[in-house]
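Comments concern the structure below.
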Amino acid sequence: MNLHYLKEMYNLTKTELQILVYLDEQCGNTRDLSIRKVAKDCFTSPTSIVRLAKKLNLSGYNELVYKIKESHLPTPIVNEILPSTTEIDQFCMLIEKNRKNLVVVLGEGFSSHISSYISEVLNFHSIPNITTSHTQLINNQNNQNILFIVVSHSGEEESLRKTVELARKKNNTIIAFLGNKNTAIAVAADLIFSTDSYSPFSINIAQPQLFFGRTLVIFESLISACINSKRN
């Protein structure tokens, strides 16, 4: 478990980190590990443990335990789930509708490589756009229609979340490629493509990060459908 990543991403307290370390060490014995025992051994309360689970966008203690156990298992590689016809139509409609507007592709960290690729493909197909990680520059755009294409594995980056929430207030259009649809970015987006491959414990160098490859496959399916529909 990458505790440094979790601490930075979710602003975890010392007690919350202690709970995660304890659960991680006891992952083989979690069947008999009640929330009250965890609270007692970590010198905290069951309410604090539930609050930690909610902070990690999990439903509660049981899902927290399940996710920690899951993080110790090999990640299965499954067939890519391609977008539906309805999702393809919605994507193409939003792209066409915003051809004369500013198109901004956003991504941070490893996701910035995916956003750069998306930007290059859009430019190749004569859909002008810019890609940046400096979201404060976009926040200063006043009264301009913008199509945001957001790429985020976790859906939790603070600067992206603030930009997307501001974009929603300004009635801008948002397409999001996410690893987790249960996030604030997903709530604000007009159209979501989620690989459902992210959990707070999925960032492990020993496991394949499927989000990035799957997102490229999904995007290629979408953009090729759009280009072919204009030729027909």
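The values are calculated or read from the model by the stated rules, or taken from the named source; none is laboratory data. Not measured: the values here are computed from a predicted model. All Cβ positions, even for glycine, are placed from backbone atoms using ideal geometry, and neighbour counts span all protein chains on display. Quick note on the areas: whole protein, heavy atoms, side chains included, nothing else; ligands and nucleic acids left out. Shrake-Rupley method; radii C 1.70, N 1.55, O 1.52, S 1.80 Å.
Quick notes on this one:
- Calculated on C-alpha atoms, the gyration radius of the range 27-66 divided by its Kirkwood radius gives an Rg/Rh of 0.95.
- Of all accessible heavy-atom area on the chain, the percent that carbon and sulfur account for (1.4 Å): 52 percent
- For the range 76-131: rounded, prolate or oblate by the Cα gyration tensor [a/c cutoff 1.5]: oblate
- Using the rule -39500 (n - 2.57) for each DSSP H run of four or more residues, divided by the residues of the chain, the 222 nm mean residue ellipticity is -15500 deg cm²/dmol.
- Column: log10 I(q)/I(0), Debye, Cα scatterers of the chain, q = 0.09, 0.14 Å⁻¹: -0.43, -0.90
- Taking max minus min of the alpha-carbon positions on each principal axis, the range 1-134 gives extents of 61, 33, 24 Å, largest first.
- Neighbours of residue 182, meaning other residues whose beta-carbon lies under 12 angstrom from its beta-carbon, give a summed charge of -1 when Lys and Arg score +1 and Asp and Glu score -1.
- Dipole check for the chain: with +1 at the C-beta of Lys and Arg, -1 at the C-beta of Asp and Glu, and the Cα centre as origin, the magnitude is about 560 Debye.
- Nearest-ten-degree value, helix 111-124 long axis tilted from longest Cα axis of the chain: 10 degrees
- Cβ-derived FRET efficiency at R0 45 Å, residue 17 paired with residue 116, nearest 0.05: 0.85
- Heavy-atom accessible surface of the chain, averaged per residue, reaches 54 Å², computed with a 1.4 Å probe.
- Cysteines having no other Cys beta carbon under 4.7 Å from their own, within the chain: 27, 42
- For residue 67, the lysines whose Cα falls under 23 Å of its own Cα, not counting residues fewer than eight places away in the same chain, are 7, 14, 37, 40, 54, 55, 181.
- Measuring nothing but how far apart in sequence close Cα pairs (under 8 Å, 6+ apart) lie, relative to its length, the chain scores a relative contact order of 19 percent.
- Rounded to the nearest 10 Å², the accessible area of residue 93 at probe 1.4 Å: 100 Å²
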